[in-house]
């Protein structure tokens, strides 16, 4: 990286808490009361807010909070993809679940002639901060989950390979724009963990030719603050060790630090971004809680290979809690950092 980072850097996963006024603005845009310039100003202000909260907490590696996305991989991306059309939802009311989310069907070859929108996010973000920037982007298998495998596609994996080229081009566009650190979000790997060898092939194809630090975020889902998988990484091991990347970003806090011992088997040249702050719980960890968890991570990994993050993004967590958790995350990390540095 072009900027030096402290021992055990802190970061976020990607998304940050959406303030209420952004939700009101999106409703106004849908009803025709807000125009495109209104929304651009609103989203710029929201990005500024997300940056301010991260910098106030003294987070080392930041994002724009994904404030321009309606979800970390939802409408903010599919609107850029040509060759798909919306499918009517089969269930629209009642307790929220994944079956109420948007669906699309393929109607032609998939393309994204104007990219996937991530470059524009970066171009604004880099003018608003001097901190190290990480750009998150959903991977093709996770993106494929909302597209019905019809017509030219016989399976979800077929759809994912159809999207892989689009994501690869976006990654290369980001590098050309100056991005040094890219995080691929693939929670669906851990959710649908029966084909890990195929995931490795897909991932490596997607990052081929991308000259940047590559991180991969693996979690168990966080839609409406709920997991959506059997919460174990075991089925993915050791296959994911063959992925061409620099860092694995993994969820531990929500599972009471379960499976920390598996990190001993990870390749020694790979970093681990350890999720030790729980975004699915409104208990706000104290700095001492964070320090205690980090010390347990240090029992299985050297400090040079560790970064500290929340389990997942904060998009499903209220801002007051997100802000407090970030502050505790950084302060707890500093406690341990001082212990190590004597």
Handout entry: Filter pass, residue 190 being closer than 26 Å to residue 256 by Cβ and surrounded by fewer than 19 Cβ atoms within 10 Å (Cβ to Cβ)
Key = no
Problem - Matching residues, the stretch 150-173, being free of Cβ contacts under 8 Å to residues at least 40 places away in the same chain and either surrounded by 22 or more Cβ atoms within 10 Å (Cβ to Cβ) or more than 18 Å from residue 194 (Cα to Cα) (or both) - result: 165, 172
Handout entry: Of all residues making up the stretch 165-190, the number that are on the phi < 0 side of the Ramachandran plot and over 15 Å from the mean Cα position of the chain (by Cα)
Key = 13
Exercise for the section: Kindly indicate whether residue 198 is surrounded by fewer than 18 Cβ atoms within 10 Å (Cβ to Cβ), more than 27 Å from residue 256 (Cα to Cα), over 18 Å from the mean Cα position of the chain (by Cα) and modelled with pLDDT under 95. Expected result: yes
Practice task
For residue 264, indicate whether it is surrounded by fewer than 21 Cβ atoms within 10 Å (Cβ to Cβ), modelled with pLDDT of 95 or more, out of contact with any strand residue (DSSP E or B) (no Cβ under 9 Å at 6 or more places or on another chain) and more than 23 Å from residue 16 (Cα to Cα).
Solution key: yes
Practice task
State the number of residues belonging to the stretch 4-33 that are buried (at least 18 other Cβ atoms within 10 Å of the Cβ) and over 23 Å from the mean Cα position of the chain (by Cα).
Solution key: 1
Fill in the blank from the handout: Flagged in the stretch 104-123 as over 23 Å from residue 312 (Cα atoms) and crowded, with 16+ Cβ neighbours inside 10 Å, in numbering order, are 104, 106, 110, 112
Practice task
Could you grab the pairs with beta carbons closer than 6 Å, sequence gap of 6+ or different chains, first residue in the stretch 91-102 and over 14 Å from residue 145 (Cα atoms), second one modelled with pLDDT under 80 and surrounded by fewer than 12 Cβ atoms within 10 Å (Cβ to Cβ)?
Solution key: 91/99
Handout entry: Members of the stretch 299-309 that are part of a helix (DSSP H, G or I) and touching a helix residue (DSSP H, G or I) at 6+ places or on another chain (Cβ under 7 Å)
Key = 303
Completion exercise
Exactly one of 59, 47 is farther than 18 Å from residue 139 by Cα, at pLDDT 95 or above, touching a helix residue (DSSP H, G or I) at 6+ places or on another chain (Cβ under 9 Å) and assigned to a loop (DSSP other than H, G, I, E, B), and that one is 59
Practice task
From the list 221, 275, pick out the single residue that is touching a residue at least 12 places away in the same chain (Cβ under 8 Å), closer than 26 Å to residue 328 by Cβ, in contact with a helix residue (DSSP H, G or I) (Cβ under 7 Å, 6 or more places away or on another chain) and not in a strand (DSSP E or B).
Solution key: 221
Exercise for the section: Kindly check whether there is at least one residue in the stretch 326-341 that is touching a helix residue (DSSP H, G or I) at 6+ places or on another chain (Cβ under 9 Å), outside any helix (DSSP H, G or I) and either buried (at least 19 other Cβ atoms within 10 Å of the Cβ) or free of Cβ contacts under 8 Å to residues at least 40 places away in the same chain (or both). Expected result: no
Exercise for the section: Look at residue 137 and say whether it is in a strand (DSSP E or B), on the phi < 0 side of the Ramachandran plot and within 21 Å of the chain's Cα centre (by Cα). Expected result: yes
Exercise for the section: For the stretch 163-187, name all the residues that are part of a helix (DSSP H, G or I) and at pLDDT below 95. Expected result: 187
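The values are calculated or read from the model by the stated rules, or taken from the named source; none is laboratory data. Because the structure is predicted, anything quoted here is derived from the model rather than measured. Here Cβ is always computed from backbone atoms with ideal geometry, including for glycine, and neighbour counts include all displayed protein chains.
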